[in-house]
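Written out below as structure tokens is the structure these notes cover.
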Amino acid sequence: MIDIRGLGYFVAETPDLTEWQRYAEDVLGMMTSSAPGGGLYVKMDERPFRMLVVQGEQRRYVASGWELAGEGAFKDALATLEKAGVGYELAPQALCAQRGMQAIALVTDPSGNRHELGWGHRSDCQPFVSPQGVPRFLTGAMGLGHTVLPSPNFDASVAFFRDVLGFGLSDIFNFRPDPNGPAIRIHFLHCGNARHHSLAIAEYPVPSGCVHVMVEVDSMTEVGRAHDRMVAHKVPLSATLGQHLNDRMTSFYMKTPSGFDLEYGYGGLQVDWEHHSTFEFTRVSLWGHDFSAGQKAA
């Protein structure tokens with residue numbers, strides 16, 4: 001199995017980079033700069049970027065960038081992919097330079113989501129200075145946060161992430177919009193860090209290519225300030241403030257300019273995996289998180 005350490009970055013597409021720049025700076029409280037080869041870097045810690053937004057015709061999520069420990073782990077990953085019969089491409093140098101990695105393997109999962117497995121991130125270690133005064137985002141060894149991807153080819157996707165990419169199962173939610181109907185499965189997955197989940201996969205399609213991404217701050221005050229900025233800049237709310245049952249994150253959800261949601265939260269669970277027991281939870285949140293708010297706004 002492949003030893004993934006965390007979600008290093010993600011790539012999104014938009015027709016309007018200026019809209020994303022305003023959203024990142026004015027609402028998220030992150031820094032922006034021009035990316036090599038075109039596009040927008042969004043910076044949230046000492047690295048040059050954690051989000052890359054590229055110009056394109058669509059509003060969508062393009063790829064998840066997963067970080068490996070080093071060159072040896074990268075070579076082991078290629079061998080694992082080959083042994084499992086999973087096709088991959090080595091990224092051209094221009095793409096590696098834009099992503100700031102030594103080498104990247106491009107892989108598509110059984111549900112059509114693109115993954116970039118890379119090693120050796122490049123960083124000038126310049127400080128993060130939020131234009132909105134956000135003290136810090138929780139990243140470091142835990143990666144930028146988490147991503148939730150549509151996985152209609154669910155069983156094959158579960159096997160791919162478990163048996164090839166090496167993710168472990170944190171917990172399970174069986175969503176039943178009709179109490180008497182079949183469950184829509186959502187699995188929460190962890191990798192080589194303490195974050196409760198760096199990835200979740202959901203058994204339904206999503207036009208934007210992503211259900212949501214999550215970023216975490218270090219106080220509830222910063223969640224509230226971000227909520228105020230969302231309202232002030234008329235960003236559509238996707239779900240009201242609430243606290244999740246499984247990872248204990250207190251958060252709200254809003255739309256990004258690329259059409260998927262972003263969860264802005266505090267207090268996420270950090271897990272000692274040697275002592276964790278996987279379980280199925282039967283409600284999304286302990287309180288709040290009214291997802292019908294997004295439908296009302298639409």
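The values are calculated or read from the model by the stated rules, or taken from the named source; none is laboratory data. Small disclaimer: the values here were computed from a predicted structure and weren't measured. For neighbour counting, all protein chains shown are included, and Cβ atoms are generated from backbone atoms with ideal geometry for every residue, glycine included. The accessibility values were calculated without ligands, DNA or RNA, using every heavy atom of the protein model including side chains. Shrake-Rupley method; radii C 1.70, N 1.55, O 1.52, S 1.80 Å.
Counting only protein heavy atoms and a 1.4 Å probe, tell me what percentage of the chain's accessible area is made up of carbon and sulfur. Each step should come with its number before you reach the end.
Numbers: 6660 of 12710 Å².
The nonpolar share, carbon plus sulfur, comes to 52 percent.
In the full protein context, region 1-157 carries 41 Å² of accessible surface per residue, based on a 1.4 Å probe and ignoring ligands, DNA and RNA.
Would you work out the relative contact order for region 130-251, in percent, from Cα pairs under 8 angstrom that are 6 or more residues apart? Please report the intermediate quantities before stating the final value.
On the way: 168 pairs, mean separation 36.2, N = 122.
It comes to 30 percent, rounded to a whole number.
When the residues Leu81, Leu138, Leu169 are ordered by accessible surface, computed with a 1.4 Å probe over the protein chains alone, the sequence from largest down reads Leu169, Leu138, Leu81.
In plain terms, if you count all Cα to Cα distances in region 1-75 and split them into 10 Å steps from zero, the share in each step is 19, 46, 25, 10, 0 percent. Short-range pairs are left out: with C-alpha atoms under 8 Å and at least six residues apart, the relative contact order of the chain is 19 percent.
Given a 1.4 Å probe and heavy atoms of the protein chains only, how would you sort Met142, Met44, largest accessible area at the top?
Details: Met142 25, Met44 0 Å².
Ranked from most to least accessible, the order is Met142, Met44.
Rounded to a whole number, what is D in µm²/s for the chain from Stokes-Einstein with the Kirkwood radius over alpha-carbon pairs (20 °C, 1.002 mPa s)? Before the final figure, lay out each step's value.
Details: Rh = 19.4 Å.
For these conditions, the coefficient is 111 µm²/s.
With coordinates expressed along the principal axes, the C-alpha atoms belonging to region 37-166 extend over 46, 32, 28 Å, beginning with the largest. Bridgeable aspartates and glutamates around Lys83 (alpha carbons under 14 Å apart, same-chain partners fewer than 8 residues away excluded): Asp163.
Here Thr221 sits with roughly 90 square angstrom of accessible surface, probe radius 1.4 Å.
Legend: P(r) of region 206-298 from all alpha carbon pair distances, 10 Å bins from 0, whole percents, reading 16, 46, 30, 8, 1.
When the charge dipole of the chain is built from unit charges on Cβ atoms (+1 for Lys and Arg, -1 for Asp and Glu) and taken about the Cα centre, the candidate among Ala12, Thr278, Gly143 whose Cα reaches farthest toward its positive end is Ala12. When both region 55-104 and region 235-284 are represented by their alpha-carbon centers, they are found 27 Å apart.
Ranking of Lys255, Lys296, Lys75, Lys234 by solvent-accessible surface, largest first: Lys234, Lys296, Lys75, Lys255 (1.4 Å probe, protein heavy atoms only, all chains present). Convex hull volume of the Cα atoms of region 60-102, normalised per residue: 95 Å³.
Counting helices only, and only those DSSP H runs with n ≥ 4, report the 222 nm mean residue ellipticity of the chain as the sum of -39,500 (n - 2.57) divided by its residues, in deg cm²/dmol to the nearest 500.
That comes out to -4500 deg cm²/dmol.
Straight Cα distances below 24 angstrom link Lys234 to the lysines Lys43, Lys255, Lys296, with same-chain residues fewer than 8 positions distant left out. What are the residues whose amide H is under 5 Å from the amide H of Ser170, where those residues sit 5 or more places off or on another chain and H is modelled from the backbone? Result for Ser170 returns Phe188, Leu189, His190. Glu13 sits with roughly 20 Å² accessible to a 1.4 Å probe, with DNA, RNA and ligands left out of the calculation. Principal axis extents of the Cα atoms in region 103-231, from largest to smallest and rounded to whole angstrom, are 47, 40, 27. Residue by residue, region 111-122 carries 3J(HN,Hα) couplings of 9, x, 7, 8, 10, 10, 9, x, 9, x, 4, 9 Hz when phi is fed to the Karplus relation 6.51 cos²θ - 1.76 cosθ + 1.60 (θ = phi - 60°); x denotes Gly or Pro.
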